[in-house]
Amino acid sequence: ITASAGVAIGGTGSANTLDDYEEGTWTPVVVASITINSGTPTWIGAYTKIGNKVFVTLSASGTFSATFSANAQFSGLPFSVSTIDTGLIHDASGGEKSITEIYSNGHIYILDALGSSVSQMVRGSGSYTST
């Protein structure tokens, strides 16, 4: 199916038209406050964009040990940020940290991470509205 003008859902007005849907990958880049103690994590990001809403995931795989020394920061989000939502990040032991801020500089800040240690796997998800 090709729909060059979008697909109307529940009505014919522009507010009912889905005219942008995209899936892809992004590369999470550690900006600050994460120390890799041993091993090398592989950072992986994926996104789904529906209109101006962007849903992102990030994960680290491999055998490694890391320590968060403050609010950890990642950059590399696939689209510029207009407003922020919230999200969560998990470690392999079941620990959970909040992603409560995504700034206009495109960084994800994982809050309340001071002194936390993680190993082997980190995964997280969140969403934001793009400009």
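The values are calculated or read from the model by the stated rules, or taken from the named source; none is laboratory data. In this text, all values refer to a predicted model and were calculated from it rather than measured experimentally. Backbone-built Cβ (ideal geometry, glycine too); neighbour counts: all protein chains shown. Note: areas computed on protein heavy atoms with side chains; ligands, DNA, RNA excluded. Shrake-Rupley method; radii C 1.70, N 1.55, O 1.52, S 1.80 Å.
Structure values in brief
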item: Candidate set: the range 68-85, residues that are surrounded by 14 or more Cβ atoms within 10 Å (Cβ to Cβ) and β-branched (Val, Ile, Thr); chosen: the one modelled with the lowest pLDDT; result: Ile84
item: Pick from the range 23-39, criterion of a type outside the set (Val, Ile, Thr) and open to solvent by 70 Å² or more (accessible area, probe 1.4 Å), ranking: modelled with the lowest pLDDT; result: Asn37
item: Residue within the range 92-114 that is within 28 Å of Tyr21 (Cβ to Cβ), of a type in the set (D, E, K, R) and at pLDDT 75 or above present; result: no
item: Unmet criterion (only one of (1) touching a Phe, Trp or Tyr at 6+ places or on another chain (Cβ under 8 Å); (2) open to solvent by 60 Å² or more (accessible area, probe 1.4 Å); (3) farther than 30 Å from Ile9 by Cβ) for Thr42; result: (1)
item: Complete set of residues in the range 20-39 that are closer than 17 Å to Ser127 by Cα and in a strand (DSSP E or B); result: Tyr21, Glu22, Glu23, Gly24, Thr25, Trp26
